[in-house]
Each structure stands twice: as structure tokens, then as C-alpha cells.
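The values are calculated or read from the model by the stated rules, or taken from the named source; none is laboratory data. Computed from a predicted model, the values in this text were never measured in an experiment. Using ideal geometry, Cβ is built from the backbone for each residue, glycine included, and neighbour counts are taken over all protein chains shown.
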Ligand SMILES: [Zn+2]
């Protein structure tokens, strides 16, 4: 086979793996959105079949040999060109997939399936002790997986790298060490200020109007309805079956009119990224988004930097007043803006506001690294959790259901994932600073409901690169530096000192 033929064959296999991934996503979307309960068992079998096919394809000797041959023909795999990068990423994906023995994969799938079931029950019964052995087992299996990727500085590195290629535990530690005291200080200043009234949010808003509003805003941000749709699901998410079909889900809460709207803005941010990935790299090994943190930077940018800004409130509030005159007729724009930005240390991560969110992530990161290092035991968790919640946020959960048992991640084997949420926050502020410096007219355009410049900038600087660059390289290319907590801290301090008047 000539090199050109090998490359064609490689792309054929990569495209098939990508299509199997899309089929799997479609099965999951249907399960969350449409499937009756009775379909669960068959759906599980169907998903397992597709997952097995994808695994076999992505770890086959044929694929390994092709990548090996092509890699040996490239003088420098780190070269800054499309071809070297394509082979480098293909090689990295292959090495990651093929290094874990098949029986260990099966053991892990069985362990997480049992752990998930145990977690659902433990959470409902507020019974951490019954989940503890599963947690210990999951972390032990993750530690064993990490060991297959030696050498590393820290056993957490290979796990983190599944989500953030090139990122090290020491990088995250340094970033969080800079962030922690400043965020604690900000929260103290907010706590000492007069609390803001947001009771106008906590009423029943008709779901039909809420749905119209979410649809309107998503379209206004630039979500392409020819290549997408919004459905209802218990947990909001975004999923993609290819660049021509990127879907969002949402859900409505009875006594919180902003929750569905912000979550739709968030998912729209994810979806705009997926809709903007480059057709040039489609279905190749560079066809994926750059990383989880980059993905999250997109959702957070639209939800927070745009959606919770004073400028956007000027556009949004009159629209909402028209839709909900009886709820908002007597509310002023200033009350609205401050109300939707009320800070309240909460026990639950997914309900956390911008000022407190990262603290929830730091706690989880400390626990994950502690369990992997062996400096913590699973049985220590409820105590550690409650002590640090008090230290970081000034609140202590009354029970483990609202504490250490709240997240699904660990029971699903997602260890190393949490930092991507906080990194996404930091990157969103870095991108925003850069964007507005280049286009100072953006804030004024937002008050008019014009977001075209924002989307165009993100398309140009982030979306179209797919995974042509590793996340840290992409951030450096755009901002000239590493992931940096300063822009986010500047943003939080400026925003909340004005809202809370300190
Ligand atoms: Zn997200």
C-alpha cells in the first residue's frame, strides 16, 4: 500500500468509528427523550453492541499498523501541519484505547453499572455506607488504568488527559491555588453585603411561554434550526450526530423561570460549537472538539458572559415583560439584573451561581486526587466533604444526599472530569476579554439583541479548529498565554462589587 492508500484507509476506519459514536449518541438521545421505560433492557443491549463494535474497530491491529506506518513516514509528529497533527492524534487515541486490556474494560463496565445502581439507591436512602465499597472499587480500577500510562508526574494525569489532552495535575493545582483564596474573599464580601431580592423569579411561569422564550433566544444567539432541534429531557444536554444534526434538550422548573432559560443558553453554547466544527476535519481524527474544558468555555460564555450581563438584560427584560406582564410588570430593569445574579452559597453544584461554582469543583478535585494518591479513604469522604463545604462556602449539608452523594460522575467512572468545568469558566473569561478588546462594540450590540459578532469571533478563533490544536495550545494561540485565572477573577470582582455595592 502506498502512503496515500494508507491514509485513505485510515480515514475510512476513523469515519466508521465516528459514525458508530453518532449511532451510540442517537440511541442515548432517544433513551432520554422518547423511549418508554419498557425499552431499557433492549436499549442496553443495543448500546452495548454498538460500543463493542466501536471498541473493536478503534483497537484493531489493522488500525494500529496503519498508524504505525504513517507515523514512521513523518519526520516530526509535533510539526504544526494538518497531516502530522492528524496522525499524532490518531496515534494518541489508538494508544489510549488499545492499552487497556479488553477484560479490564469489561470489568470496568460491570463495576460502573453496579456502582451506578448502588449510587441511585444510596442517594435516595441517604446511605453513603452502602455506596462506599463501590466508590473504593471504581477509584481502584481508575488507578489501575492510570498505571498503564506511566510514566507520569501524578496518577491523576492520565485520567485528566482523557478530557484535557496535555493538562497536568500540577497545572490544575497551581490554577486552583491562585483561585481559591480570592474566591473565598469575594464570597465573604458578598455575604457581608445586603442580600438581593429575587422573589419575582420564584413563581410559576407558564411552560409554554418559557419554551417560546428559550427557542427565541437560542435562535437569536445563532443556533441553526436547519441543523438542530430542542426537546424535553429530565437533564439538559447537547448531543451531536454529525455537523448537520446537533440537538439540545431542556426542562422547565415550576418555581424558577430563569433555570430553563439559562440552561438553554448553556446548551446553545455547546451546540454552536458543535455546529461550527470544521467540515475540513469532519470524521477524521481531528474532527472532534478540542477538549471538554474548551467545550465548557463555549457554554459558559453564552450562559454567563452574555446571558447574565447587564447589557443582555437590557435586551432580554423587555421581551420577558411582554411574555410575563403579570409577573414582571412591577419589576425594574435594575431589580431584574441584580435578581438574576443573586449569589447564594448552595449545597448543590448544579444549582451554583458564577461566584460559587468553582469552589464546588475544587472540593471534588481535592477528593479525587486524594483518593488516587491514597492520602484519603472513601470512608473519610462525608467528613471531608462537610468540613470543606463549610470552609469554602459557609454551608454544611444536613445529609449525604445533598453532600457527597449528589453527583452522578464517580458512579459512572468519570474521575478526572470535574476540573474541566472550572477550567471552562476561566477560559470563557479569557476569550471574552480578548474578543471585547478586539471588538469594543460587542457589549452595545448585545443590548440590541445582536450577537453576530460574538458568534463570528468564536467560529473564527475556536470552532473551526476542531481538534487541530490541543486545548492549551489553542488557548495560547488565542490569548497569547496559558489558562489564567486572572481574567475570571477580574470579571467576578467587577461584576459583583457593582451588584452588591461593596
Ligand atoms: Zn456544559
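Being at pLDDT 95 or above and surrounded by fewer than 18 Cβ atoms within 10 Å (Cβ to Cβ) is the filter here; which residues of the stretch 223-236 pass it? Give the steps one after another, and end with the answer.
Residues of the stretch 223-236 that are at pLDDT 95 or above, as a first pass: 223-232.
Residues satisfying the conditions are 224, 225, 226, 227, 229, 231, 232.
A count restricted to the stretch 141-184 and to residues that are out of contact with any helix residue (DSSP H, G or I) (no Cβ under 9 Å at 6 or more places or on another chain) and assigned to a helix (DSSP H, G or I) stands at 3. Would you confirm whether or not the stretch 204-212 contains a residue that is buried (at least 17 other Cβ atoms within 10 Å of the Cβ) and either within 16 Å of the ligand (Cβ to nearest atom) or not in a helix (DSSP H, G or I) (or both)? So far as the stretch 204-212 goes, yes, one or more of its residues are buried (at least 17 other Cβ atoms within 10 Å of the Cβ) and either within 16 Å of the ligand (Cβ to nearest atom) or not in a helix (DSSP H, G or I) (or both).
Please go through the stretch 308-324 and pick out each residue that is without any contact (Cβ under 8 Å) to a residue 24 or more places away in the chain and either buried (at least 18 other Cβ atoms within 10 Å of the Cβ) or touching a strand residue (DSSP E or B) at 6+ places or on another chain (Cβ under 6 Å) (or both). Quick ask: steps written out before the conclusion?
Keep residues of the stretch 308-324 that are without any contact (Cβ under 8 Å) to a residue 24 or more places away in the chain, which gives 317-318, 321-322.
Of everything in the stretch 308-324, just one residue is without any contact (Cβ under 8 Å) to a residue 24 or more places away in the chain and either buried (at least 18 other Cβ atoms within 10 Å of the Cβ) or touching a strand residue (DSSP E or B) at 6+ places or on another chain (Cβ under 6 Å) (or both), namely 317.
You will find that of 98, 111, 90, the residue that is modelled with pLDDT under 95, more than 23 Å from residue 44 (Cβ to Cβ), in contact with a helix residue (DSSP H, G or I) (Cβ under 7 Å, 6 or more places away or on another chain) and part of a helix (DSSP H, G or I) is 98 and no other. Here no helices (runs of 4 or more DSSP H) wholly within the stretch 357-449 include at least 1 residues being away from the ligand (no atom under 16 Å from the Cβ) and touching a strand residue (DSSP E or B) at 6+ places or on another chain (Cβ under 7 Å).
Only one of 336, 312, 317, 324 is within 19 Å of residue 435 (Cβ to Cβ), away from the ligand (no atom under 13 Å from the Cβ) and more than 17 Å from the chain's Cα centre (by Cα). Can you tell me which? Step through it out loud before you land on a result.
Working: 336 fails: within 19 Å of residue 435 (Cβ to Cβ); 317 fails: within 19 Å of residue 435 (Cβ to Cβ); 324 fails: within 19 Å of residue 435 (Cβ to Cβ).
The match here is 312.
Here residue 120 meets the list (1) assigned to a helix (DSSP H, G or I); (2) at pLDDT below 95; (3) under 30 Å from residue 8 (Cβ atoms) almost entirely, failing just condition (3). Within this structure, residue 189 passes the test of being more than 24 Å from residue 424 (Cα to Cα), out of contact with any strand residue (DSSP E or B) (no Cβ under 8 Å at 6 or more places or on another chain) and part of a helix (DSSP H, G or I). Filtering 343, 350 for residues that are within 25 Å of the chain's Cα centre (by Cα) and either buried (at least 20 other Cβ atoms within 10 Å of the Cβ) or in a loop (DSSP other than H, G, I, E, B) (or both) leaves a single hit, 343. Scanning the stretch 456-470 for residues that are over 20 Å from residue 487 (Cα atoms), more than 16 Å from the ligand (Cβ to nearest atom) and in contact (Cβ under 8 Å) with a residue 12 or more places away in the chain returns 459, 464, 465, 466, 467, 468, 469, 470.
If you check 255, 338, 342, which single one turns out to be touching a helix residue (DSSP H, G or I) at 6+ places or on another chain (Cβ under 6 Å) and either more than 21 Å from residue 187 (Cα to Cα) or touching a residue at least 12 places away in the same chain (Cβ under 8 Å) (or both)? From the options 255, 338, 342, the qualifying one is 338.
Filtering the stretch 268-306 down to residues that are more than 13 Å from the ligand (Cβ to nearest atom) and closer than 30 Å to residue 342 by Cα, which residue is surrounded by the fewest Cβ atoms within 10 Å (Cβ to Cβ)? Break it down stepwise before answering.
First, pick out the residues of the stretch 268-306 that are more than 13 Å from the ligand (Cβ to nearest atom): 275-288, 290, 305-306.
Checking the rest, the ones that are also closer than 30 Å to residue 342 by Cα come to 305-306.
Values: 305: 25, 306: 23.
Among those residues, the one meeting the criterion is 306.
Is it the case that some residue within the stretch 258-265 is more than 15 Å from the ligand (Cβ to nearest atom), assigned to a helix (DSSP H, G or I) and under 30 Å from residue 67 (Cα atoms)? No, the stretch 258-265 contains no residue that is more than 15 Å from the ligand (Cβ to nearest atom), assigned to a helix (DSSP H, G or I) and under 30 Å from residue 67 (Cα atoms).
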